[in-house]
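This report concerns only the one structure given below.
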Amino acid sequence: MLRRVTPDSIVLWLVTSRPQQARVWLLPEDESRPPLAGLPDTPPARLTEHLAIPLGTHAWLMLLEAHAESPLPADCAIAYELALSEREDTADSSAAPQDGDWHGIAEWGPEICYPGEPLPRFRLPAKLTRIAHGSCRKPHHGLSDKEAERVCANASDSAPEGPAGDGLVALDHWLSERRTTPLEWPEVMLFTGDQIYADDVAGPMLGAIDQVIERLGLPEETLLGAEVSDSRELRQHPSHLYHRPQLLPDMPANEGLAASFFGAKRKPIFTSTGADNHLIGLSEVVAMYLLVWSDVPWAALGVELEDPSALEGHDEATRERHAREARHLARFRAGLGQVRRLLANVSSLMIFDDHDVTDDWNLSAAWEKAAYGNPFSRRIIGNALTGYLLCQGAGNAPRALGELLEQASELFTDAHADTETAPEGHFDVERQEALIARLERCERWDYQLETTPALIVADTRTRRWRSERKLSHPSGLMDWEALCELQQRLVEQHAVVLVSPAPVFGVKLIETIQKLFTFAGKPLMVDAENWMAHQGAASVMLNIFRHSRTPQHFVILSGDVHYSFAYDVRLRHRRSSPHIWQITSSGIRNRFPVGLLDVLDRLNRWLYAPRSPLNLLTRRRNMRITPRRHDAASHGERLLNACGIGLVDLDAKGRPIAIRQLTTEGREVHFVPRS
């Protein structure tokens, strides 16, 4: 995977079955140079190895940063060669292999190159002109027969994936048709949350995860405060498949109005409606990442989706569910070769949202108190965050997270050595708990790229502004200190691309429904996580837009909600209002219930029309928000409900000149400004 790219360096993330040494060449394209045959005869780029750790007996994670001798050129294709050489002695890797031992991409991975290209090629994101972005990629997402019939009526005959397909496959298809024109390629691909669904795992996917753990020799772990002693016992437990909520910890029911209105029942800490196979162990999380980003583990390990023995003792309804999920996963798996190729050719940056860890993660102070006060739930959350560190965060900002990566490396390295505190093949409990404690305190998940315009990615999950009125009320998405730091980053910038996983400007009707459920004491039922749900966070964020020294051009990229839309936003009663564009693309492979979104969309347009007095009741009453209509919309429709991925084109001043959604139905949908 090609991760962070700057004019001076690129970061590569890869997993190999054996320990390797690496060399990287950065090769700006020159039309006079013949196509590369074999390894380049020029010296390789200077390499800084941030991470090289044994995930398992047969799995090694490598994070490589290659530094160019001179700044890389913009507005052209840049190829890279990655040569690998197996280390015969992992204990002593100081001796460099002989030249004949190096194997280039043409030998170990020609399938990550587009047809006719000897190497992967990318564009430098020094000046942002085209950004791909999206969120919410659930592997086993699928439509009901009724929904599929309704959606397919509008699908193109040349659709690369279909209505419930993978937006990354759609983008790979789009990019493959434009390989001769590098200026059309996106410079960067932003994943704005829910890259995996750790809390909503299909039964066949959990079976595949079990196979990967066994065949790659991923470590076992002791589970504190659980009904099972360790991860091996978990896989053998009757509740392992489809019954994990019986093993997950509970929290006491909400009190007061919530108890009288909904009934005083015990509520699980893990609130996902699909938590039947919620990931628990760290090795499960690592295996999940390997299976959602590449076809290689499936093919090389012979991983199967159907395992009849795993369903012994389950009823007929569960068997039918398993078969249905297997069909959806088979389609997902079929596109992973294209996903792997795309990830090797476009720089990707990521930020977590709740499903990367668990649904409603840190939604309220009450949730945090219950979840982190239980050793078992704390471990589950910590394992998901460790997986994010290794598989997502490491490629965003490897230097800022260097100490955490080193500590994670020690955890895995010790797991493969027989020590006094843990047998070989097991994580050391004290080391694992110490790493989780540091992850909980980490305040470096946000990051910035010094591009034009500046690209700032916000952490809206771990630095929450907790409600002072009631512990059960939703927390603000960023606390006062984090928002002040954000404002300092924005000062004196003329234009900025800001990534906020949840939209800053969302659908008013849906936010009102969330507010009503919060008043009734049930914010968890409706994912009451929006910027306006907390008065302090909302006020500070809106004041940032009003500040005279912050950018005049704000492009806000978001996901989370499972539908797509674009708003033009201006301040009322101000001549020099900044220009704000809220652009939301969701989901890559997930979508809102079709009929329900149609109703909410039309009701929102009617209830919150520009002259509606209901607008005076919202926190954004001093802002004029104009929804864009997309060119595939029926009368009265503003929200786009389709799997796919967004494309945003920016002009020289950082203003969006085109906002599109590439759908898996084969359409290129444009969001058109109101004339």
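The values are calculated or read from the model by the stated rules, or taken from the named source; none is laboratory data. Just so it is clear, the structure is predicted and the values come from calculations on it, not from any experiment. Cβ atoms come from the backbone with ideal geometry, glycine included; neighbour counts cover every protein chain shown. Each accessible area value is taken on the protein alone, full model and side chains, heavy atoms only, with ligands, DNA and RNA left out. Shrake-Rupley method; radii C 1.70, N 1.55, O 1.52, S 1.80 Å.
Observations on the structure shown:
- Solvent-accessible heavy-atom area per residue, rounded to whole Å², over the chain at 1.4 Å: 40 Å²
- Accessible-area composition of the chain, carbon plus sulfur, in percent [1.4 Å probe]: 50 percent
- Dipole in debye (nearest 20) - the stretch 463-586, about Cα centre, beta carbon charges: Lys, Arg +1; Asp, Glu -1: 420 debye
- Modelled label positions at LYS369 and HIS573, each set 7 Å beyond Cα in the direction of Cβ, lie 3.9 nm from each other.
- Bridge type composition, the chain - antiparallel percent by DSSP, nearest 5: 70 percent
- When only Cα pairs below 8 angstrom with a gap of at least 6 residues are kept, the chain shows a relative contact order of 17 percent.
- Spread of Cα-to-Cα distances over 10 Å intervals beginning at zero, given as percent, for the stretch 618-662: 20, 39, 36, 4
- Amide hydrogen neighbours beyond the local backbone of GLN20, cut-off 5 Å, H modeled: ARG87
- Using the Cβ-Cβ distance between ASP598 and ARG18 with R0 set to 45 Å, the FRET efficiency works out to roughly 0.30.
- Distant-in-sequence amide H partners of ALA77 (H built 1.01 Å from N, under 5 Å): GLU29
- For the peptides 178-186, 129-137, 656-664, residues were scored by their other Cβ atoms within 10 Å and the scores averaged per peptide; the highest-first order is 129-137, 656-664, 178-186.
- Among 118-126, 606-614, 327-335, the order from most to least packed when residues are scored by Cβ within 10 Å on average: 118-126, 327-335, 606-614
- What the phi angles of the stretch 308-315 give under the Karplus curve with 6.51, -1.76 and 1.60, with θ = phi - 60°, is a coupling list of x, 5, 5, 9, 4, x, 8, 6 Hz, glycine and proline written as x.
- Kirkwood hydrodynamic radius of the stretch 558-675, from the reciprocal of the average inverse Cα-Cα distance over all distinct pairs: 15.2 Å.
- Charge tally in the Cβ shell below 10 Å around ARG638, where Lys, Arg are +1 and Asp, Glu are -1, ARG638 excluded: +2
- With only the Cα atoms considered, the stretch 164-216 has a convex hull volume of 149 Å³ per residue.
- Order by protection proxy (mean Cβ within 10 Å, highest first), peptides 489-501, 374-386: 374-386, 489-501
- Near-label residues of the stretch 619-653 by backbone N, under 16 Å of a point 7 Å along Cα→Cβ of ALA74: 649-653
- Which label in [x] 28.4; [y] 29.8; [z] 39.5 gives the computed mean projected area of the Cα convex hull in nm²: [y]
- C-alpha center-to-center spacing [the stretch 292-352, the stretch 445-506] in angstrom: 34 Å
- In this structure the amide hydrogen of VAL346, modeled in the peptide plane, comes within under 5 Å of the amide hydrogens of LEU2, none closer than 5 places in sequence on its chain.
- Karplus-derived HN-Hα couplings along the stretch 407-419 (A = 6.51, B = -1.76, C = 1.60, θ = phi - 60°), whole Hz, x at Gly and Pro: 5, 5, 4, 5, 4, 6, 4, 5, 5, 9, 10, 7, 10
- In a reduced charge model with +1 at each Lys and Arg Cβ and -1 at each Asp and Glu Cβ, the chain shows a dipole moment near 4420 debye about its Cα centre.
- Distance between the pseudo-spin-label points of GLU177 and ARG444 (7 Å out from Cα toward the beta carbon): 4.3 nm.
- Value at 222 nm in deg cm²/dmol, rounded to 500, when DSSP H runs of n ≥ 4 in the chain each add -39,500 (n - 2.57): -8500 deg cm²/dmol
- Contour excess over end-to-end distance, with Cα ends at GLN487 and ALA300 and 0.36 nm allotted per residue: 62.5 nm
- Karplus-derived HN-Hα couplings along the stretch 331-337 (A = 6.51, B = -1.76, C = 1.60, θ = phi - 60°), whole Hz, x at Gly and Pro: 5, 4, 4, 4, x, 5, x
- Efficiency of FRET from Cβ geometry, GLU420 and GLU668, R₀ 41 Å, rounded to 0.05: 0.10
- For the set SER548, SER585, solvent exposure ranked by accessible area (probe 1.4 Å, protein chains only) runs largest to smallest as SER548, SER585.
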